[in-house]
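K.L.:
Here it is, the structure, as structure tokens.
What follows is calculated from the coordinates using simple rules that are stated; it is not laboratory data. A quick note: this is a predicted structure, and the numbers were derived from the prediction, not measured. All Cβ positions, glycine included, derive from the backbone under ideal geometry; neighbour counts span all protein chains shown.
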Amino acid sequence: MSLKTPEEIEILREGGKRHREILAELKKLVKPGISTLILEEEALRLIKEQGDKPAHLGYHPSWAKRPFPAVLCVSINNEIVHGIPNENVRVINNGDIVSIDLSLEHKGLITDSAITVACGAIDDESRRLLEVTEKALYAGIKAALPGRTVGDIGEAISSAVEPSGFSIADDLTGHGVGYQIHEEPYVPNVGVAGKGEKLVPGLVIAIEPMVNVGAGANRYLKDGYTIVTSDGSRSAHFEHTVAITEKGNIILTSWNI
């Protein structure tokens, strides 16, 4: 577990502001007929315009056979996470739900955030899925206080989702972030209050519930990255980077979009 200094958290706050501005612009582009490649190209343009770097591009996690080949993860409908927008180029249609996941490196420090966006008119079940997943994110953030644990976050998220009848995606979690995209500790979306790593001032984590309409089971596609629901049901994903402080927490990527 790596802790960040107050000065580093301030840099992450700066990066988080740039991060949310980019996501706000990408959200505006999600309309029927746009392709995932347009989102990818626009994200890269906006990142470079600000003098920052796309942290996803070229990132090679230990479990993957190759580095990630895109700036964004764009995941549509039954795709939970890690959709590759410039290889599996798709046109986004009216009624789709679209997860846009971006990791941004600003002055050597990384923030991670995701939104799920409705394209045009979506059905009531999909609208409720987005509402429940975003609500679960903020329940997890509310539990992310100094002296508590990652289990408290997981318990808060799962408690927010359970009454809806939806399922949390199996074995997919949040994580530490800052110096790298993925750091210790893992931040579960299902947990036991009081269990797991303690949350201490200086810890920076990405909290990211991933919620499916159907069962939690999932599988990888042949591209080695895209994870989809096993039963074909829709999935939503919301994520913030959060710093633990002595007084509580700071949502470094807070949205105003």
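K.L.:
For the range 12-45, give me each residue that is in a helix (DSSP H, G or I), surrounded by fewer than 19 Cβ atoms within 10 Å (Cβ to Cβ) and hydrophobic (A, V, I, L, M, F, W, C).
P.N.:
Residues satisfying the conditions are Ala24, Leu29, Leu37, Ile38, Leu44.
K.L.:
Then there is this: So which of Glu184, Glu208 ends up being in contact with a helix residue (DSSP H, G or I) (Cβ under 9 Å, 6 or more places away or on another chain) and among the charged types (D, E, K, R)? Let's see the steps before the verdict.
P.N.:
On the way: Glu184 fails: in contact with a helix residue (DSSP H, G or I) (Cβ under 9 Å, 6 or more places away or on another chain).
Within the list Glu184, Glu208, the selection yields Glu208.
K.L.:
Being under 25 Å from Thr5 (Cβ atoms), more than 18 Å from the chain's Cα centre (by Cα) and in a loop (DSSP other than H, G, I, E, B) is the filter here, so list the residues in the range 139-176 that pass it.
P.N.:
Leu145, Pro146, Gly147, Arg148
K.L.:
Does Val132 satisfy the criteria of being at negative phi, touching a residue at least 12 places away in the same chain (Cβ under 8 Å) and under 14 Å from the mean Cα position of the chain (by Cα)?
P.N.:
no
K.L.:
Quick one: count up the residues across the range 84-94 that are surrounded by fewer than 19 Cβ atoms within 10 Å (Cβ to Cβ) and either part of a strand (DSSP E or B) or in contact with a Cys (Cβ under 7 Å, 6 or more places away or on another chain) (or both).
P.N.:
Number satisfying all stated conditions: 3.
K.L.:
If I ask for residues that are surrounded by 24 or more Cβ atoms within 10 Å (Cβ to Cβ) and assigned to a strand (DSSP E or B), which ones from the range 177-225 would you list?
P.N.:
Val187, Val204, Ile205, Ala206, Ile207, Met210, Val211, Asn212 - these are the residues of the range 177-225 that are surrounded by 24 or more Cβ atoms within 10 Å (Cβ to Cβ) and assigned to a strand (DSSP E or B).
K.L.:
Return the pair list, or none, for Cβ contacts closer than 7 Å from residues in the range 21-41 that are within 19 Å of Ser103 (Cβ to Cβ) to residues that are small (Gly, Ala, Ser) and assigned to a helix (DSSP H, G or I), at least 6 apart or on different chains.
P.N.:
Final answer for the pair search is Ile22/Ala43; Leu26/Ala43.
K.L.:
Oh, and also: What is the number of the single condition among (1) hydrophobic (A, V, I, L, M, F, W, C); (2) assigned to a helix (DSSP H, G or I); (3) within 20 Å of Thr229 (Cα to Cα) that Ala114 does not meet?
P.N.:
(2)
K.L.:
Now for a separate question. Evaluate the following for Ile227: is it within 13 Å of the chain's Cα centre (by Cα), touching a residue at least 60 places away in the same chain (Cβ under 8 Å) and under 25 Å from His60 (Cα atoms)?
P.N.:
Spelling it out, it is not the case that Ile227 is within 13 Å of the chain's Cα centre (by Cα), touching a residue at least 60 places away in the same chain (Cβ under 8 Å) and under 25 Å from His60 (Cα atoms).
K.L.:
Six or more apart or on different chains, Cβ under 6 Å: which pairs go from a residue in the range 54-81 that's more than 23 Å from Thr133 (Cβ to Cβ) and free of Cβ contacts under 8 Å to residues at least 60 places away in the same chain to one that's small (Gly, Ala, Ser) and assigned to a loop (DSSP other than H, G, I, E, B)? Could you list them?
P.N.:
From the range 54-81, the pairs are Pro67/Gly58.
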